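A quick write-up on the structure given underneath.
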Amino acid sequence: MNTSVSPPLVPARTRRSRRLGWRGWVTVYLVVWALLAAGALAGLRFALTALESTTRVDERGFREAEDGLDAVTRCCRFDLLDWEVRRLARWGVLRLARPPAGQADGGEAAGRFFALNRTISRAQFELSRAETEAERQQALASVRQTEEEQAQLRPRVERSIHDAVARQLLAEGLVFDLPVLSDRVFPPLAFSLVHPPSVLVISPRNEIKLERTTVLRPDLPDDTGLGMEGQAETLGWSAIVEPTGGYSTYPTMVTQEATLEFVLQAVAHEWSHTYLFFRPLGNNYFSGRQLRTINETVANIVGREVARAALPRVAPPVPAAPPQPVPTPPAGAPRPPQFEFRAEMRQTRQEAERLLKDGKVEDAERYMEERRRLFVTQGYNIRRLNQAYFAFHGSYADSPGSIDPIGPQLESLFQRAGSLQAFVRMVEGISTYQDYVNIMATQGIDPSSPAPPRR
């Protein structure tokens, strides 16, 4: 009897797979990753499309689908997906590329870049005053020439600002507490100097409340913005179209139409939001008005402190000019009262709130308009001052338009912490407003205490 054992039968499919060479496996690997990437892109597009259609913001964050008020902005919303795809690719290329030899150093390039903002403003003013076609073409050519020079400087300036802010964040100890990232700034600092989008802010007329915001294209004509405000007000809302200094995409957007000091602060501010995104505080940004205010005020403090220390890295300090003699007024002559913008704006907010609580909506609106005109006479070019203005700027508790005690409390906490790292570690774990109250109680901070002087 034959007792030999026959080899097991191998299915044809398995036999064919064994003959698959390395090229075949590489092909399979690439196809699988391509499918995963396509699925991720489709998911991102779906999420961004859904986000675009849910512009209502209240204490619970984004909610509800479009309604009649959202139709006001349908023509002019910012295309976030398109911006992300283009800027991520550009940021990656610029981080790998080395600046061409012979370019001006970072400080010199930054000084020239931001000085060109004034040149562009003057040229645009001349363009608006042009009476003949020849004058118009001359002014337009000046604007374009200056913008082209600024565009050539932008990569160098972005790299210089990036290096200065990233080094300062590392020096402050704002790194992830994981072993593999213990000596790295995470998320990696990534930003673009751009003309950032503006935002349509909506508030009820009978109270100051951030009802919804919609991000708009940065090239929005002034008359279009005015038309949106008018349409929203026709529907019974208070509205204002406001420019933004930055936006927390990734890479983050930061306005280039500002000073170097402001841009450094905005870069660090927007990075703070990306950092807090991986912490309970950032995760709960839309969990309520208080959590949103805490997030924004913490980012303001981080931005201010990092910018203050990073500025000399980009632009070495200029020697101070010799003091000029100041004429002394005659003895006994009355001194003109000094206009304190922050105090006057807070007073305006408080009185507007009082009138609205008493149901005097039209009186409150007339009062805010009268105060706006006063600010303009004092050199503060405020285009509109209404409920929507305060609802938008009130999210930053350390701003003049806010009467929220969270600002003074966080300033006190920062000074008691002793360092920026210790301050951020104290607040990053906040999930609820009660967590915040507990921290303040532990530190012995009185919620009614006035704001301490800034360091």
Viscosity 0.692 mPa s, 37 °C: Kirkwood-radius Stokes-Einstein D of the range 99-171 over Cα pairs, µm²/s: 237
Computed lengthening from L226 to A134, 0.36 nm per intervening residue step minus Cα-Cα distance: 30.1 nm
Packing rank of 296-306, 341-351, 357-367, where each peptide gets the mean count of other beta carbons within 10 Å, highest leading: 296-306, 341-351, 357-367
So what J values fall out for the range 274-291 if you push phi through Karplus, 6.51 cos²θ - 1.76 cosθ + 1.60 with θ = phi - 60°, rounded to Hz, Gly and Pro as x? 5, 5, 5, 4, 8, 10, x, 4, x, 4, 9, 3, 9, 7, x, 4, 5, 5
Expressed in nanometres to one decimal, the distance between label points 7 Å along Cα→Cβ at A171 and T27 is 5.6
Packing-wise, with mean Cβ within 10 Å as the measure, how do 411-419, 307-315 rank, highest first? 307-315, 411-419
Residues with amide H under 5 Å of G246's amide H, sequence separation 5 or more or different chain, H placed in the peptide plane at 1.01 Å from N; which? T255
So for R0 = 22 Å, FRET eff. of D82-L35 from the Cβ-Cβ r, to 0.05, ends up at 0.40
Net lengthening on full extension, E353/R217 (0.36 nm per residue, minus Cα-Cα): 45.8 nm
Sort F114, F176 so the one with the fewest other Cβ atoms within 10 Å of its own Cβ comes first. F176, F114
Sticking with the crude label model, points 7 Å out along Cα→Cβ, report the distance from R118 to T377 in nm, one decimal please. 2.9
Protection proxy ranking of 377-385, 235-243 - average other beta-carbon atoms within 10 Å, highest first: 235-243, 377-385
Report the label-to-label distance for A343 and F286 in nanometres (one decimal), using points 7 Å from each Cα along the Cα→Cβ vector. 4.1
Added length on full extension, which subtracts the Cα-Cα distance from 0.36 nm per residue, A141 to L235: 29.6 nm
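Read-outs throughout are calculated quantities, based only on the coordinates presented, and are distinct from any laboratory measurement. In this text, all values refer to a predicted model and were calculated from it rather than measured experimentally. Backbone-built Cβ (ideal geometry, glycine too); neighbour counts: all protein chains shown.
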